[in-house]
Structures are given as structure tokens and as C-alpha cells.
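Here is the structure we will look at.
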Amino acid sequence: MPENRKKKLFHSLREEYGNAPFLEEEIKKDPIEQFSIWFDEAVHAAVFEPNGMVLATVSPNFHPSTRTLLLKEFDERGFVFFTSFNSRKGDQLLVNPYASATFWWKEIYRQVHIEGKIERVRRKEAIHYFKQRPKGAQIASLASIQSEPLSSREELEASYLEVEKKYSGKEIPCPMRFGGYRLIPERMEFWQGRKNRLHDRIVYIHVDDLWISSRLSP
């Protein structure tokens, strides 16, 4: 495609957001409670995978990387997701245990951005979650060594079939490389899309065991 046509295409990719307000008098003092309200509204609005989030980590040489994964639970302690400790993000979190997560709920013109420290959840919590996963996902956790190079798709499928045969009719064990992380928020920003790009942005900062909220310019 010619360069000028590409530019015209991108210039035409512009959507006007809704005009539902997000005002200071409406917000909760605790951002976890505010997140819970927005999350429930995203579910009610039939947002596609409302627990989908973009997780950002940083390598030892300070190069950022992102990927999309699923939030599995949250409470006053933080936001939990599960993955392989041997993955690229696992390697990065081992060296630099800080991350950010962004939820984008396009159907209701909202996003939430969370930054904070990362800690591993207890092994028994990971095992409990693993047992709730579909059998196919359990097999995949053993068959695939996440982020490692593969010679072909056939190699991966052969590994899956081998694990499936080995544990046919048996309980599938949770591999030691599989576990959970908790993102403990230190900063949370709530973004509500508004007309003319005059978006509402409310940020919470955790200071001395208290959450301080304020409005940001869009």
C-alpha cells in the first residue's frame, strides 16, 4: 500500500467516545472497591473477556515487554494471575519484581491502569487454581515449556499427545514451574472516555497506608 494511502487510512481510524462522566463525588475512597464496581459493569455490559489485561514487565537491561493475559482473582491484597515461572515474564519478574497492568473495556469506553510490586502467591493457591483448569489446559502446562524455542508446531502437538497419553485416566499434577503472581497496587488510574478527547482521569496513589486520589488532565 502506498505511504500516502496508509496515512489516510490511519487518519480515518478515529472514534468518538461516549460522554458518561466520571466525577470526584462518584469515586470510592478505595481503588480496589472502585475497580470492583467497574469490573462488574464491564461484565454486565458483555465486554469481551473483561478480565483480559496487558501486563508490562522490564528486563534486566531495562527493556520493557508486554503481553496479554487473564486476571484470575482480586481482593484487597491485589490482582492475581497465573503463568509459568520459566516464561519470559517470569524471568523478568525474578530480577525486577514490579509490573503494570492495563484493562481496556472498549464497549464502555473505559480503561484501568495499575502499577505496583509483584509477589508470588502460595504454592497451595496455585495448585488449587490448577485443579480448576480444563483438562486440556492442564495438559498444555506440562507439554509446553513457555517461551522456549520450538522446532515446529508438530513438536508441540507431539508433546501434548505424549502428556495426554501418560496421564490418561489419572490426575494431572501441577508442574513446579507453574504458579501465580499478585500485583500489589501502588498506583491505580481510572480512565473514562469522553467526547472531544476531554476524558476523565482519576488517579489513586498509595502513600503511608492511605490512598490519595486526584484528577489528571487528559
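The values are calculated or read from the model by the stated rules, or taken from the named source; none is laboratory data. Quantities reported herein were computed from a predicted structural model and do not represent experimental measurements. So basically every Cβ, Gly included, is an ideal-geometry build from the backbone, and we count neighbours across all protein chains shown. Surface areas here come from the heavy atoms of the whole protein model, side chains and all, with no ligands, DNA or RNA. Shrake-Rupley method; radii C 1.70, N 1.55, O 1.52, S 1.80 Å.
What residue, among those in region 88-118 that are among the β-branched types (Val, Ile, Thr) and out of contact with any His (no Cβ under 8 Å at 6 or more places or on another chain), is surrounded by the fewest Cβ atoms within 10 Å (Cβ to Cβ)?
Here the answer is Val95.
Here is the figure for region 188-215: residues that are in contact (Cβ under 8 Å) with a residue 40 or more places away in the chain, touching a Phe, Trp or Tyr at 6+ places or on another chain (Cβ under 7 Å) and in a strand (DSSP E or B) total 8. Within region 122-156, being part of a helix (DSSP H, G or I) and among the hydrophobic types (A, V, I, L, M, F, W, C) holds for Ala126, Ile127, Phe130, Ala137, Ile139, Ala140, Leu142, Ala143, Leu156. Would you say Thr57 is touching a residue at least 12 places away in the same chain (Cβ under 8 Å) and under 22 Å from Trp211 (Cβ atoms)? Here the answer is no, as Thr57 does not meet what is asked.
Note on region 100-143: residues that are farther than 24 Å from Leu183 by Cα and without any contact (Cβ under 8 Å) to a residue 24 or more places away in the chain total 4. Can you tell me which residues in region 160-187 are in a strand (DSSP E or B) and more than 29 Å from Tyr17 (Cα to Cα)? Selection gives Phe178, Gly179, Gly180, Tyr181, Arg182, Leu183, Ile184. Quick check: anything in region 146-162 modelled with pLDDT under 95, of a type outside the set (Gly, Ala, Ser) and within 30 Å of Gln111 (Cβ to Cβ)? For region 146-162, residues modelled with pLDDT under 95, of a type outside the set (Gly, Ala, Ser) and within 30 Å of Gln111 (Cβ to Cβ): present. Please tell me if Leu142 is over 27 Å from Arg77 (Cβ atoms), open to solvent by 90 Å² or more (accessible area, probe 1.4 Å), at pLDDT below 95 and among the aliphatic types (A, V, I, L, M). So Leu142 fails the test. Considering only residues in region 141-164 that are in contact with a Lys or Arg (Cβ under 9 Å, 6 or more places away or on another chain) and small (Gly, Ala, Ser), the one that is nearest to Ser65 (Cα to Cα) turns out to be Ser147. Might you let me know whether region 163-179 holds any residue that is acidic (Asp, Glu), surrounded by 11 or more Cβ atoms within 10 Å (Cβ to Cβ) and either out of contact with any His (no Cβ under 9 Å at 6 or more places or on another chain) or touching a residue at least 60 places away in the same chain (Cβ under 8 Å) (or both)? Yes, the conditions are met somewhere in region 163-179. Part of a loop (DSSP other than H, G, I, E, B) and touching a residue at least 12 places away in the same chain (Cβ under 8 Å): does that describe Pro218? In short, yes. You will find that of Phe130, Phe85, Phe81, Phe62, the residue that is within 29 Å of Asp209 (Cα to Cα) and surrounded by 16 or more Cβ atoms within 10 Å (Cβ to Cβ) is Phe81 and no other. Is it true that some residue in region 164-174 is of a type outside the set (A, V, I, L, M), touching a helix residue (DSSP H, G or I) at 6+ places or on another chain (Cβ under 8 Å) and under 19 Å from Val80 (Cα atoms)? Checked against the condition, which is being of a type outside the set (A, V, I, L, M), touching a helix residue (DSSP H, G or I) at 6+ places or on another chain (Cβ under 8 Å) and under 19 Å from Val80 (Cα atoms), region 164-174 yields at least one hit.
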